[in-house]
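Bear in mind that the values in this text are calculations on the coordinates, not laboratory data. From a predicted model like this one, the values you see are computed outputs, not experimental measurements. So basically every Cβ, Gly included, is an ideal-geometry build from the backbone, and we count neighbours across all protein chains shown.
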There are 2 protein chains.
Amino acid sequence: MYHLENKLIFAKEIIKEAGAFIKESLSKTITVEEKTAFDDLVTNIDKQTQDLLVARIKSSFPSDNIFAEENGLVHNIKDGNVWVLDPIDGTVNFIVQQDNFCVMIAYYEEGQGKFGLIYNVMADQLFYGGGQFDVYCNDKLLPAYKNRPLDRCLVASNGAMYAKNFHGLKDLIDKTLGVRVYGGAGLSMSKVLSGQILAYFSVIYPWDYAAASIMGEKLGYHLETITGEPLDYFSRQAVMLVPKDRLEEIKHIMGSEN
Amino acid sequence: MYHLENKLIFAKEIIKEAGAFIKESLSKTITVEEKTAFDDLVTNIDKQTQDLLVARIKSSFPSDNIFAEENGLVHNIKDGNVWVLDPIDGTVNFIVQQDNFCVMIAYYEEGQGKFGLIYNVMADQLFYGGGQFDVYCNDKLLPAYKNRPLDRCLVASNGAMYAKNFHGLKDLIDKTLGVRVYGGAGLSMSKVLSGQILAYFSVIYPWDYAAASIMGEKLGYHLETITGEPLDYFSRQAVMLVPKDRLEEIKHIMGSEN
């Protein structure tokens, strides 16, 4: 218990350090590289921020392991103590807008999510908690999900999945007040946690969803794949973060009830 | 000249007053009504905010006219001195998120846009200027549009128009780093003015686009209909706010060159 509290305090420290480092970098020249396509980008700042986080973790907890977006650090989440890191989530927003990006950290022990953190750097909003901890945004305790009818809610999504009605996603969204596309899993899912968005749908990696999944469970949300196969906590999968109380209704509308 | 400077100072005052009024209302019960459909909403706060703006304008400039979203105040923009008002742009965001909405004011004399203002209430960001005035966001002078390749830019859009590839809009967006859907014309177009978004596409009324159009002209942007007919400054039309330097390229990709 005490051990975990200290680790969460430590995580809050290093995520703020990472944010300060990124903010400082905005006044410098940022080097952009393409990964798999012209719109799959990484910068030197993503990598340097991850290096900073990894160094801090390894220095304080030498036997802990890392599963992270850059540089091939992909320790099995189910094995031992594992820190899941996304140094800059919303890299395109970071490059083009210099805003609307997040740093994310999740911490697992033997595959059990212990806590998660999402730091919206430019808004200086830190979401943290989950597991044995209540979930906060900065100093504000976040309430659990409260039921509201679909037609009084907004949904956030990957734009392309919405446009192609992936597994009935547009059919679902057409029953709500509409879609929002923010360009980052961390930003979108933090709006789910704070109650501004009902649910989020995208094709993402564990470092994109781990922190929100842990915090979400605490607040009455559930993360699972859209297509029904198990979450593998390794590859890129189509996932949704939705209120548990709405899960059956959402699956039914999306035509995947079975 | 002096006359217009005073009017702009006055407009900055009343838009901040309107913002403060809306912010205060967030702690009270908000009454929501449907206009034309379940997702076309108005609140008592939209109406009260507009009443506040109209009363302030009529008290200071009794012979000026109003063209506004609520209560049927639709004086012809081309006739005399006309204040164009949108008391809450992004009403759905206001209701669901209590964030991400704007107050907008534009001022015309005999059909000539003299200045515009967009106030993002919760972010406390006031965009103002255009016509003879430079354009600012709060105290920061906004630079004119600087050329960047399409594949290094983001585009904001109405979600449904993007999904149905309205006049080739998705074809255009597929050549960029992607779409963002923010749920408000004011919010989206303020991000165009600040350089975070290349262009904005939606089906909107004059009170949604007048302020951004006037400020945009000053910064190298142009607002026109997507489908080629003239802007009527009265009805709801499909419009785009795009950099002048990119207009022909964008029209070409959208298949409407002629």
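General observations
- P(r) histogram, all alpha-carbon pairs of region B:69-203 included - 10 Å bins from 0, percent: 12, 35, 36, 16, 1
- Fewest-first ranking of B:226, B:173, using other Cβ atoms within 10 Å as the exposure measure: B:226, B:173
- Size descriptors for region B:197-258, from the alpha-carbon set: Rg then Dmax equal 11.0, 29 Å.
- Total formal charge among the other residues, if their Cβ is under 12 angstrom from that of residue A:237, Lys/Arg +1 and Asp/Glu -1: -3
- Its DSSP H runs of at least 4 residues, each contributing -39,500 (n - 2.57), put the calculated 222 nm mean residue ellipticity of chain A at -10000 deg cm²/dmol, to the nearest 500.
- Measuring how big region B:1-141 is from its alpha-carbon positions, Rg and Dmax come out at 14.9, 46 Å.
- Radius of gyration (Cα atoms) of region A:95-167, expressed as a multiple of 2.2 N^0.38 Å: 1.41.
- A quarter of the convex hull surface defined by the alpha-carbon atoms of region A:1-44 gives 4.5 nm² as the mean projection.
- To the nearest ten degrees, helix A:2-25 and the longest principal axis of the Cα atoms of chain A are 80 degrees apart.
- Position residue A:16: other-copy label points at 3.1 nm, ordered by increasing distance, label point 7 Å along Cα→C-beta.
- Cα-based radius of gyration for chain B, normalised by 2.2 N^0.38 Å, reads 0.96.
- Ranked from shortest, the separations from the 7 Å Cα-to-Cβ label point of residue A:78 to its equivalents in the other copies are 7.1 nm.
- Neighbour net charge for residue B:210 - beta-carbon separation under 12 angstrom, K R +1, D E -1: -4
- Inter-chain Cβ neighbour count for A:173-180, averaged per residue, equals 6 (cutoff 10 Å, partner chain atoms only).
- Region B:1-46-region A:22-71 distance, computed between alpha-carbon centres (Å): 42 Å
- Other protein chain Cβ atoms within 10 Å, averaged over every residue that makes up B:37-48: 1
- Semi-axis lengths (Å, descending) of the ellipsoid that matches the C-alpha gyration tensor of region A:51-107: 24, 11, 9
- At 7 Å out from Cα toward Cβ: residue B:64 inter-copy label distances (nm, ascending): 5.8
- The chymotrypsin sites (Phe, Trp or Tyr not before Pro) found in region B:160-258 that occupy coil by DSSP, while having at most 15 further C-beta atoms within 10 Å, are B:234.
- At R0 = 60 Å, FRET efficiency that the Cβ-Cβ distance of residue B:6 and residue A:74 yields, to 0.05: 0.45
- The protein assembly as shown - Debye-derived log10 I(q)/I(0), Cα point model, q = 0.08, 0.10 Å⁻¹: -0.51, -0.80
- Remark: C-alpha extents of region A:150-255 on the principal axes read 31, 26, 26 Å, sorted largest to smallest.
- Net +/- balance of residues flanking residue A:219 in space, Cβ distance below 11 Å, scoring K and R +1, D and E -1: +1
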